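The values are calculated or read from the model by the stated rules, or taken from the named source; none is laboratory data. Since this is a predicted model, take the numbers as computed values, not measurements. Positions of Cβ are generated from backbone atoms using ideal geometry, with glycine treated the same way; all protein chains shown enter the neighbour counts. Side chains are part of the model used for accessible areas, which takes the heavy atoms of the whole protein and leaves out ligands, DNA and RNA. Shrake-Rupley method; radii C 1.70, N 1.55, O 1.52, S 1.80 Å.
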Amino acid sequence: MRPLLLGVLGCSLVLSIQAMYSSSDDVVELTPSNFNREVIQSDSLWLVEFYAPWCGHCQNLAPEWKKAATALKGIVKVGAVDADQHKSLGGQYSVRGFPTIKIFGANKNKPEEYQGGRSSQAIVDGAMNALRSLVKDRLSGKSGSSGYNKQSGGGGGGSKKDVVELTDDNFDKMVLESNDVWMVEFFAPWCGHCKNLEPEWTAAATAVKEQTKGKVRLGAVDATVHQVVSSRYGIRGFPTIKIFRKGEEPEDYQGGRTRGDIIEKALDMFSENAPPPELLEVNELFLITKTLTIHGAQMELEASLGIGGFGYPAMAAINTRKMKFALLRGSFSETGIHEFLRELSVGRGSTATLGGGTMPKIYSVEPWDGKDGQLPVEEDYDLSDVDLDDDFDKDEL
């Protein structure tokens, strides 16, 4: 586990977050609910930016991205994903920093990383180069499909072996006796909705297996064959998806049926069941009150983290090896801090590089006693033995 430095700082980061893109732009806003339809099932070439609204580099890129989208309109599709809000999509495509730009070309399920410049001209040039490569592949007879057969419902960017085939014989041992969390689909081969779900379930199974290290698993039961287990759980319609946790009653999955929806639910369950992060190296915990901030007790640290001003307190987790940090942006409560650390422990937290690339000096200060600050008391001075000018009357003082 990476070493973390936790600091409770006497100020908070005030963010003015607005939508980066709007319906008036030529940039298509992508979410888990429309990503599969717009991008994966599309024959078009797509450039997709994964961003976070609070990211300065993303804010700088936005006007250039919009210009490029307008220039490429009708030629190459340009989209954007708020990966801070839609973490499942960012996780699905291994987004680790912002902004990340990926090119979805011939094989939509294996996008390429865009490595070019961030000006509108460089983005357009990169898109046209990718488009020429796509056309060349098609002329040579290479497949330009999105990676699965839409008619049969097979494929979908994942491996069918990642969907565990469950039966009357192996269900109890595989699922009920397992310490892993299971999402199980009960299906019928003749069911049209089941056929539509198959590529989404398959793709989600592969992504979830990789991102949870096998701690959340996806399985499938042919309910027309394995009627014992299907009857046990009262399966009446298809497909039915149930969630199994060891020692608990199964619950019905009520979420969406796209791979993004399924992955998001799986990652949420993984985060809930993940053990608390082990802190191998915890350095000094410190609190900066307003008085200490005024006197500049930890100004170097505040500057490195890009915080300061007002709003007490704030929390930062720092990886001293990689010089990366994350800020608590949720509620400053036991629950908020707990969720903040869990997100970091499973690699889902948003991080940034420490300002200056080095760890600033941390100054020792007196610990806060939990009481409100007090103004210094003015000393009383005895002026009885002071000679005053004749122009002043002592009684008027």
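Residues to consider are Glu302, Glu281, Glu249; find the one that is modelled with pLDDT of 70 or more, open to solvent by 40 Å² or more (accessible area, probe 1.4 Å) and out of contact with any Ser or Thr (no Cβ under 7 Å at 6 or more places or on another chain). It would help to see each step written out before you state the result.
Values: Glu302 fails: open to solvent by 40 Å² or more (accessible area, probe 1.4 Å); Glu281 fails: modelled with pLDDT of 70 or more.
Unique residue meeting the criteria: Glu249.
Filter segment 100-110 down to the residues that are open to solvent by 30 Å² or more (accessible area, probe 1.4 Å) and within 24 Å of the chain's Cα centre (by Cα), then identify the one that is modelled with the highest pLDDT.
The residue in question is Lys110.
Against the definition (open to solvent by less than 70 Å² (accessible area, probe 1.4 Å), at pLDDT 90 or above, polar (S, T, N, Q) and farther than 20 Å from Arg245 by Cα), how does Thr167 come out, yes or no? Full working, then the answer.
Values: open to solvent by less than 70 Å² (accessible area, probe 1.4 Å): yes; at pLDDT 90 or above: yes; polar (S, T, N, Q): yes; farther than 20 Å from Arg245 by Cα: no.
No; evaluated as a whole, the condition is false for this residue.
Checking Val14 against (1) at pLDDT below 90; (2) in contact with a strand residue (DSSP E or B) (Cβ under 6 Å, 6 or more places away or on another chain), only one condition comes out false. Which one?
(2)
For Arg138, all conditions in the list (1) farther than 28 Å from Asp268 by Cβ; (2) loosely packed, with under 15 Cβ neighbours inside 10 Å; (3) within 24 Å of the chain's Cα centre (by Cα); (4) charged (D, E, K, R) hold save one; what is the number of the exception?
(3)
Spot the failing condition for Gly74; the list is (1) on the phi < 0 side of the Ramachandran plot; (2) at pLDDT 90 or above; (3) not aliphatic (A, V, I, L, M), and only one is missed.
Unmet condition: (1).
I'd like the residue in segment 166-198 that is in contact with a Gly (Cβ under 6 Å, 6 or more places away or on another chain) and among the aliphatic types (A, V, I, L, M) and, out of all such residues, is nearest to Ser271 (Cα to Cα).
So, considering only residues that are in contact with a Gly (Cβ under 6 Å, 6 or more places away or on another chain) and among the aliphatic types (A, V, I, L, M), the one nearest to Ser271 (Cα to Cα) is Val184.
Exactly one condition in (1) in contact with an Asp or Glu (Cβ under 6 Å, 6 or more places away or on another chain); (2) in the same structural domain as Tyr93 (by the TED database); (3) at pLDDT below 85 is false for Gly153; which is it?
With respect to (1) in contact with an Asp or Glu (Cβ under 6 Å, 6 or more places away or on another chain); (2) in the same structural domain as Tyr93 (by the TED database); (3) at pLDDT below 85, Gly153 is out only on (2).
Out of the residues in segment 200-229 meeting the condition of being in a helix (DSSP H, G or I) and of a type in the set (Asp, Glu), tell me which one is modelled with the highest pLDDT.
Going through the qualifying residues, I end up with Glu200.
Could you check how many residues of segment 174-230 are open to solvent by 20 Å² or more (accessible area, probe 1.4 Å) and among the aromatic types (Phe, Trp, Tyr)?
The qualifying residues number 2.
Please go through segment 240-274 and give me each residue that is in contact (Cβ under 8 Å) with a residue 40 or more places away in the chain, of a type in the set (Gly, Ala, Ser) and either in contact with a Phe, Trp or Tyr (Cβ under 9 Å, 6 or more places away or on another chain) or assigned to a loop (DSSP other than H, G, I, E, B) (or both), ordered by number.
Gly256, Gly260, Ala274
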